[in-house]
Amino acid sequence: MKQAKKIFTRMCLNNWGGINHKILEFHEYVNLFSGKSGSGKSTVMDAIQVVLYGSISATFLNKAADDAKNRRSVLSYLRGEQKDGTANREGQDFCSQIVLELQDTGTKQYVCMGIAFEVRKNDSEIRKFVYFSHLGKMPEGYSWKLEDIFPKVLAAGENAGYLTEEGYPYSNQEIRTLTEARMKESANGSRAELNRIYPSREAYISTLYDQILGYIDGNRFMTMEKSAIALKMTNGTGQFIRDYMFPKSEGDTIETIS
């Protein structure tokens, strides 16, 4: 009998970096991000960190790229700023979401957690954003309008991910409406309180680490994640394993794992 665990199944990116809308499917065990420089590998990793840390600070961004000259911020990601100085969403108002979907393999239940943003064209800093979570999978089903335009790309009901009938990312109010609807659906459930908008980052992180992820040590989790992101192959996988995974293991064990 397989031991129950919690796994990330999908991630939704709406208006993040060079991505207008994308839902990524995760494998249960190993996921490999491969591509040329500038293809979006760091863009995805930074989005994951924003959700798992609940932070909009730029201090941890772009660690995977090891590119000190190309400093990024959450606002620059939201606007889709490129190395050539252009921006995908420059001079416009828009909404954005980054959401991770998680499954408990024991109960077969799903929960989604993320951050929703509203950006105005003249904003010089992030002003309107909300942390949220809800039970169940991401909302599904495109409108007929999008299906008519992209019939071969978007099958009916596939992977909508927080888009309105017109194909625009949800506003923060629409995110709130979604959590309220999920609350009504699971009113008698033991985890119904996970359908909510959080009043602060602290409240979001507390619920994320304690209830959703399963009582993990937040400080140790962040150290492990940051170390993994910053890993450079020139340092050697063996050194990384020794420092962060199995510090008390014998040399031959570390070599085998490496």
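Evaluated against (1) modelled with pLDDT of 90 or more; (2) over 24 Å from LEU163 (Cβ atoms), SER34 falls short on exactly one condition, (1). Of all residues in the range 171-217, those satisfying the criterion of being of a type in the set (D, E, K, R), assigned to a helix (DSSP H, G or I) and open to solvent by 40 Å² or more (accessible area, probe 1.4 Å) are GLU174, ARG176, GLU180, LYS184, GLU185, GLU193, ARG201, GLU202, ASP210.
Count of the range 201-220 residues, restricted to those that are at negative phi and in contact (Cβ under 8 Å) with a residue 24 or more places away in the chain, is 8. When only residues in the range 1-50 that are assigned to a strand (DSSP E or B) and open to solvent by 70 Å² or more (accessible area, probe 1.4 Å) count, which is nearest to LEU208 (Cα to Cα)? Applying the filter and picking the extreme gives LYS6.
The values are calculated or read from the model by the stated rules, or taken from the named source; none is laboratory data. Treat the numbers as computed from the prediction; the structure is a model and nothing was measured. All Cβ positions, even for glycine, are placed from backbone atoms using ideal geometry, and neighbour counts span all protein chains on display. SASA here: full protein model, heavy atoms, side chains in, ligands and nucleic acids out. Shrake-Rupley method; radii C 1.70, N 1.55, O 1.52, S 1.80 Å.
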